[in-house]
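Data first, discussion second: the structure below is written as structure tokens.
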Amino acid sequence: MSAEPIIQIRGVHKWFGRVHAVRGVDLDVRRGEVVVIIGPSGSGKSTLLRCINHLETPDEGTIVVDGIPLTESKNINKVREEVGMVFQQFNLFPHLSALENICLAQRIVRKRDAKQAEQLAHELLAKVGIPEKADSFPGQLSGGQQQRVAIARALAMQPKIMLFDEPTSALDPEMITEVLDVMLDLAREGMTMVVVSHEMGFVRAAARRIVFMDEGAIVEETTPEELFTNPKHERTKLFLSKILH
């Protein structure tokens, strides 16, 4: 891993009206690192994640992604090309097949021809474990399969960074593992990932660092081992006592 962080967040604040959603966050993410952000609902996790690819605009502070500052509007699309994002909802086009969903942005943004785009789409469907679903429409797929298509679609842009915003929260329990397995494979391959998740099994298995947020601020930043065996802050201990049964 190089010394220069691929994501640098400094003094970021975000308000929604009177709600101070993110309060002065500083965070570095290095290449090849998996950072998982945990915390109670409304603690600013998803807002911070969405600031990284400018789906939300910080009111104060700076974010630099792979050397490109997000302060200038001309840089935003450049950064988005390097950053894949997977949401809670799958956001697939219902009238397009799985293959077509994965090809669309490749052709528009990456300017790949149909043959190139389809070849990569087939490779990625195999990678996420559903090669036989290329011609299926979203309505014919389970939630777990739809989310895996969404991951393949993000990977088709060949991003340097993947952001995951609670990617399993809309899934039935038996489908969660199949999505987390794909994410674990990506982590093992060295993909830089920032993940907002409540799945503590994934956190233990994949995270290099855990960031615990509460009320818009980072309360604790540590390793999975330290977090689960020796959390420093009372707020962290209270949170973990509620989710680790």
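The values are calculated or read from the model by the stated rules, or taken from the named source; none is laboratory data. Small disclaimer: the values here were computed from a predicted structure and weren't measured. In this analysis, Cβ positions are derived from the backbone assuming ideal geometry, glycine residues included, and neighbour counts consider all displayed protein chains. Just so you know, the surface numbers come from the protein's heavy atoms only, side chains and all, with ligands and any DNA or RNA stripped out. Shrake-Rupley method; radii C 1.70, N 1.55, O 1.52, S 1.80 Å.
Annotation note: Cβ proximity below 7 Å between a residue of segment 14-25 that is more than 20 Å from Phe212 (Cβ to Cβ) and a residue that is open to solvent by less than 70 Å² (accessible area, probe 1.4 Å) and at pLDDT 95 or above (sequence gap 6+ or interchain) occurs for Trp15/Ala21. Name the residues in segment 222-245 that are free of Cβ contacts under 8 Å to residues at least 40 places away in the same chain, open to solvent by 20 Å² or more (accessible area, probe 1.4 Å) and β-branched (Val, Ile, Thr), would you? Passing the criteria: Thr222, Thr223, Thr229. Among the residues of segment 130-144, the ones that are open to solvent by 30 Å² or more (accessible area, probe 1.4 Å) and within 14 Å of Leu180 (Cβ to Cβ) come to 0 in all. Asn75 meets all of the listed conditions (1) open to solvent by less than 40 Å² (accessible area, probe 1.4 Å); (2) under 26 Å from Ser197 (Cβ atoms) but one, namely (2). With the structure loaded, tell me whether Val36 is surrounded by 16 or more Cβ atoms within 10 Å (Cβ to Cβ), closer than 30 Å to Ser241 by Cβ, touching a helix residue (DSSP H, G or I) at 6+ places or on another chain (Cβ under 6 Å) and touching a residue at least 24 places away in the same chain (Cβ under 8 Å) or whether it fails that test. Taking the combined requirement at face value, the residue satisfies it. Scan segment 39-62 for residues that are of a type in the set (S, T, N, Q), in contact with a helix residue (DSSP H, G or I) (Cβ under 9 Å, 6 or more places away or on another chain) and either at positive phi or surrounded by fewer than 19 Cβ atoms within 10 Å (Cβ to Cβ) (or both) and the total you get is 1.
Listed here are the residues, each with its yes/no results for (1) closer than 19 Å to Gly24 by Cα; (2) modelled with pLDDT under 90.
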| site | (1), (2) |
| --- | --- |
| Ala206 | no, no |
| Val211 | yes, no |
| Ala217 | yes, no |
| Glu221 | yes, no |
| Glu225 | no, no |
| Ser241 | no, yes |
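Reported count of residues in segment 82-116, each being buried (at least 21 other Cβ atoms within 10 Å of the Cβ) and without any contact (Cβ under 8 Å) to a residue 60 or more places away in the chain, is 5. Taking segment 53-70 as the range and being part of a loop (DSSP other than H, G, I, E, B) and either over 17 Å from Glu82 (Cβ atoms) or at pLDDT 95 or above (or both) as the test, the residues that pass are Glu56, Thr57, Pro58, Asp59. Residue by residue through segment 165-177, note down the ones that are crowded, with 19+ Cβ neighbours inside 10 Å, outside any loop (DSSP other than H, G, I, E, B) and in contact with a helix residue (DSSP H, G or I) (Cβ under 7 Å, 6 or more places away or on another chain). Asp165, the sole residue that qualifies.
Just for segment 189-221: of the residues that are closer than 16 Å to Gly32 by Cα and among the small types (Gly, Ala, Ser), which one is surrounded by the fewest Cβ atoms within 10 Å (Cβ to Cβ)? Before you say what the answer is, go through the steps one by one.
Here is the first cut: in segment 189-221, the residues closer than 16 Å to Gly32 by Cα are 189-195, 203, 205-210.
Cutting the leftovers down to among the small types (Gly, Ala, Ser) gives us 190, 205-207.
Numbers: Gly190: 12, Ala205: 16, Ala206: 21, Ala207: 24.
Filtering first and then ranking leaves Gly190.
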